[in-house]
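Worksheet: one structure, shown below.
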Amino acid sequence: MAIKSRSTGSKAKKAPSKTKGRTALKSKPKVVSKTTRGKKAAIAKPASAKKKASSKSKNKSGLPVSPLAPARFPDVADVPGLEMATTRAEIKYKAREDLLLAVMAPGTTVAGALTRSRTASAPVDWCRTNLEGGEGRVLVSTSGNANAFTGRAGMETVKVTAAAAAKLAGVRQKDVFIGSTGVIGETMPNDKITGALPAAFDALKPGGFEMAARSIMTTDTFPKAASRTVEIDGSPVVISGIAKGSGMIAPDLATMLSYIFTNASISQRTLGALLDLNLRDSFNAITVDSDTSTSDTVLLFATGRGPDGGKAPYAQITRPGDPKLRAFRQALSEVMHDLAMQVVRDGEGATKFISITVKGGESHNSARRIAMAVANSPLVKTAIAGQDANWGRVVMAVGKAGEPADRDKLSIGFGGVEVAKAGRAVEGYNEAPVAKHLKGQDISIDIDVGVGQGEATVYTCDLTHGYISINADYRS
């Protein structure tokens, strides 16, 4: 997916009145945790078996909560320079919030990663254009309708929405970003959006990440968020983000939206580079069903505010390799990785989270393509759902990838136990630990194709009848 970023580089201004512009309230961030260096922060694990009864409960989408869901919504720190609100536009869903409004302080820089689909939605086209210049001052995101494949009416809806939001916030239309997710091919009722925006604008306040995460859900069964707090030049900096995604998930993003906010003061070019660096092993390393969506959007906003809401007490950072960004780079990597893993754990109908590591590839890209071939194989995914260590299906998927692999050196393992080595089954291997591993919820498959030093890890979930049920009824 293409990476773009932008900012006018304008200096922060004093907060104007609500009718002629708005900045976030000044408030100190709640320090949630310091980032750990050198390794990924632990992803929230599912509740214990005794708590699994909660997976049978249903959320507002009417779907059972994923058994792989975290035990609770995480602690998320407020971001200085950011205010949010949600409201009910009732675009598709009744009696639930389906519109998110976020307003950022003047001077906020923004970077984005957007779908490469040739049938991209109108909001994606709008964001792609706006990333070329201007600031990231307002975000409007809706759920229930993707506003994709809707012709001129789709872009008209985006323009009308941007104009209404810009007028309320006192900003330029090119400073407004739009995100939509839901059914493809249905005209968006723009009057419902513009009618709901004033109430959302009046309700703006710091925080509110859980409601924000819930408002962008479609077939998601739980809200997704992640947060880290570090320091830049001695000043506290928060990185907090939300994501949605459950089905139509594949590399180059998915039917997925993710909005990440930080109060760091970072130039637009540097922000774009940091986003690009962390996409490969997060959002572009996951797949649920191999289908790349029309609506994929990841936006990263940097408000450039200090902990008191005023201008950051250090000069704007203009180089991705600046030593002052060392902790920030690690924390951003953790937030993006955390959000991406939550998307997989909420895969439609999923009961098992699967990590697939390929070693011995000709290159990283070659190893990644092999790993994705395995991750996207319906035969492999249904075998895992059935707790069957059918390594022959893994052999098939490796072969169909079209990448260099030495058949007579190929090895395969489940849960750290080799079941095939040197191009054949391991004679007399003990099936008991493999069977035990496959009964669990976190499954690992390790493959060595024996041709080089390339290595890659991707993440997916199993394929169950639940996936069929959800998608057969999606438009109803």
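The values are calculated or read from the model by the stated rules, or taken from the named source; none is laboratory data. Just so it is clear, the structure is predicted and the values come from calculations on it, not from any experiment. Cβ atoms come from the backbone with ideal geometry, glycine included; neighbour counts cover every protein chain shown. Areas reflect the complete protein model, heavy atoms only, side chains present, ligands, DNA and RNA absent. Shrake-Rupley method; radii C 1.70, N 1.55, O 1.52, S 1.80 Å.
What to note about this one:
- The lone exception for S469 - which of (1) more than 24 Å from A285 (Cα to Cα); (2) modelled with pLDDT of 95 or more it fails: (2)
- Residue list for segment 360-376, restricted to those being of a type outside the set (A, V, I, L, M) and surrounded by fewer than 24 Cβ atoms within 10 Å (Cβ to Cβ): G360, E362, S363, H364, N365, S366, R369, N376
- If you go through segment 447-465 and keep only what is of a type in the set (D, E) and open to solvent by 60 Å² or more (accessible area, probe 1.4 Å), you end up with just E455.
- The lone exception for T382 - which of (1) under 25 Å from H465 (Cβ atoms); (2) in contact with a helix residue (DSSP H, G or I) (Cβ under 8 Å, 6 or more places away or on another chain); (3) part of a helix (DSSP H, G or I) it fails: (2)
For every residue, the table says whether it meets (1) buried (at least 19 other Cβ atoms within 10 Å of the Cβ); (2) farther than 24 Å from E135 by Cβ; (3) touching a helix residue (DSSP H, G or I) at 6+ places or on another chain (Cβ under 8 Å).
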| position | (1), (2), (3) |
| --- | --- |
| G170 | no, no, no |
| V176 | yes, no, yes |
| S180 | yes, no, yes |
| E186 | no, yes, no |
| D191 | no, yes, no |
| L204 | yes, no, no |
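- Qualifying residue in segment 204-218 (condition: among the aromatic types (F, W, Y) and either in a strand (DSSP E or B) or modelled with pLDDT under 95 (or both)): no
To keep it simple, each residue is scored yes or no on (1) of a type in the set (A, V, I, L, M); (2) at pLDDT 90 or above.
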| position | (1), (2) |
| --- | --- |
| P29 | no, no |
| T36 | no, no |
| S55 | no, no |
| T86 | no, yes |
| E90 | no, yes |
| D98 | no, yes |
| A105 | yes, yes |
| A122 | yes, yes |
| E132 | no, no |
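- Among the residues listed as T229, T262, T270, the single one being modelled with pLDDT of 95 or more, closer than 19 Å to V110 by Cβ and surrounded by fewer than 24 Cβ atoms within 10 Å (Cβ to Cβ): T270
- Only a single criterion out of (1) surrounded by 24 or more Cβ atoms within 10 Å (Cβ to Cβ); (2) within 18 Å of S282 (Cα to Cα) is not satisfied by T357, namely (1).
- Answer residue from segment 282-300, given it is more than 12 Å from the chain's Cα centre (by Cα) and of a type in the set (D, E, K, R) and is modelled with the lowest pLDDT among those: D291
- The residues on offer are K192, K174, and the sole one that is touching a Gly at 6+ places or on another chain (Cβ under 6 Å), in contact (Cβ under 8 Å) with a residue 24 or more places away in the chain and not in a strand (DSSP E or B) is K174.
- Of the residues making up segment 77-92, not one is among the small types (G, A, S), crowded, with 24+ Cβ neighbours inside 10 Å and in a strand (DSSP E or B).
- Candidates A163, A200, filtered to the one that is part of a helix (DSSP H, G or I), in contact with a strand residue (DSSP E or B) (Cβ under 9 Å, 6 or more places away or on another chain), open to solvent by 10 Å² or more (accessible area, probe 1.4 Å) and at pLDDT 95 or above: A163
- Checked against the criterion of being of a type in the set (A, V, I, L, M), over 33 Å from the mean Cα position of the chain (by Cα), modelled with pLDDT under 95 and loosely packed, with under 13 Cβ neighbours inside 10 Å, segment 425-444 has at least one qualifying residue.
- Residues of segment 323-354 satisfying the condition of being touching a Ser or Thr at 6+ places or on another chain (Cβ under 8 Å) and assigned to a loop (DSSP other than H, G, I, E, B): D346, G347, E348, G349, A350, T351
- Scanning segment 148-160 for residues that are surrounded by 14 or more Cβ atoms within 10 Å (Cβ to Cβ) and not acidic (D, E) returns A148, F149, T150, G154, M155, T157, V158, K159, V160.
- Some residue of segment 322-338 being within 28 Å of I239 (Cβ to Cβ), at pLDDT 95 or above, touching a Cys at 6+ places or on another chain (Cβ under 9 Å) and open to solvent by less than 10 Å² (accessible area, probe 1.4 Å): no
- The set of residues in segment 409-424 being in contact (Cβ under 8 Å) with a residue 40 or more places away in the chain and open to solvent by 40 Å² or more (accessible area, probe 1.4 Å) consists of K409 alone.
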